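The values are calculated or read from the model by the stated rules, or taken from the named source; none is laboratory data. What you see is a predicted model, and the numbers here were worked out from it, not measured in a lab. Heads up, the Cβs are rebuilt from the backbone with ideal geometry, glycines too, and the neighbour counts pull from every protein chain shown. Accessible surface is based on the protein model in full, side chains and every heavy atom, while ligands, DNA and RNA are left aside. Shrake-Rupley method; radii C 1.70, N 1.55, O 1.52, S 1.80 Å.
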Amino acid sequence: MMQALLLVALLLFSESSLDFGLETPSGPPVTALLVVAAIAVAAVGALALVRRLRGAIVERVRRWWPDVRATLSSLRAGNKLGLLLGGSLATELLFAVALGVFANAFGYDVSLADLLLINISVSLLATFVPVPGGIGVTEFGLTVGLTAAGMTEEAALAAVVLYRVSTFYLPPVWG
């Protein structure tokens, strides 16, 4: 949640932007929206009409609800929510700064806003790709992001490999 909030804030309030280099479809966007809406309505309709499916979902929610309630009640303590949000924010900042340190080691200055944007967007992308630890996906995304921020491809790849070795591959060695 913190990553999504930071990403939206960076896109709205900084000069950074996400440019995927994708072309827009030639057809009207209304058609795509209607297709998505029709699929959503069909899914909700199937859920409402298929009793077995609805029963399975309701049963799971009933089993999970006590755990959800206990977890949310523990966050009512004043300091717990602050620690959770502050720790998440500090984690994002520290990982972005670490990426910036490696970029700076190769002679490139990348702004903190760009580093945060690159790191958060790649992290969110890696959560959707079913590869353990985002291996390969994260390296590629970070390299593309640093290249878009002005680094050469070689320097970006070297910085990303060193960054990933220091933040992902080495920490399990020393526990």
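For residues that are part of a helix (DSSP H, G or I) and open to solvent by 80 Å² or more (accessible area, probe 1.4 Å), tally how many sit in region 125-151.
Of all residues in region 125-151, those part of a helix (DSSP H, G or I) come to 125-128, 132-134, 137-148.
Checking which are open to solvent by 80 Å² or more (accessible area, probe 1.4 Å) leaves us with 125, 127-128, 132, 140, 148.
Qualifying residue count for the region: 6.
Going through region 152-170 one residue at a time, which ones are open to solvent by less than 40 Å² (accessible area, probe 1.4 Å) and farther than 15 Å from Asn119 by Cα?
Answer for region 152-170, where residues must be open to solvent by less than 40 Å² (accessible area, probe 1.4 Å) and farther than 15 Å from Asn119 by Cα: Ala155, Ala158.
Kindly evaluate Val161 against the criterion of being farther than 22 Å from Leu10 by Cα and more than 14 Å from the chain's Cα centre (by Cα). Let's see the steps before the verdict.
Values: farther than 22 Å from Leu10 by Cα: yes; more than 14 Å from the chain's Cα centre (by Cα): yes.
Taking the combined requirement at face value, the residue satisfies it.
Within the set of pairs 6 or more residues apart or between chains, which connect a residue that is in a helix (DSSP H, G or I) inside region 2-13 to a residue that is at pLDDT below 80 and crowded, with 16+ Cβ neighbours inside 10 Å with Cβ atoms less than 7 Å apart?
As it stands, the answer is Leu10/Ser16, since those pairs meet every condition given.
May I ask you to verify whether Gly45 is open to solvent by less than 40 Å² (accessible area, probe 1.4 Å) and either farther than 26 Å from Val165 by Cα or basic (Lys, Arg) (or both)?
On the way: open to solvent by less than 40 Å² (accessible area, probe 1.4 Å): yes; either farther than 26 Å from Val165 by Cα or basic (Lys, Arg) (or both): yes.
When the stated conditions are applied, Gly45 passes them.
Considering region 91-124 alone, what residues qualify as being under 13 Å from Tyr163 (Cα atoms) and assigned to a loop (DSSP other than H, G, I, E, B)? Before the answer, list the steps.
Quick first cut of region 91-124, residues under 13 Å from Tyr163 (Cα atoms) only: 94-106, 115, 119.
The answer is Phe106, and nothing else.
Here are some residues: Leu85, Leu99, Leu116. Which one is farther than 30 Å from Met151 by Cβ, surrounded by 13 or more Cβ atoms within 10 Å (Cβ to Cβ) and touching a residue at least 24 places away in the same chain (Cβ under 8 Å)?
Values: Leu99 fails: farther than 30 Å from Met151 by Cβ; Leu116 fails: farther than 30 Å from Met151 by Cβ.
It is Leu85.
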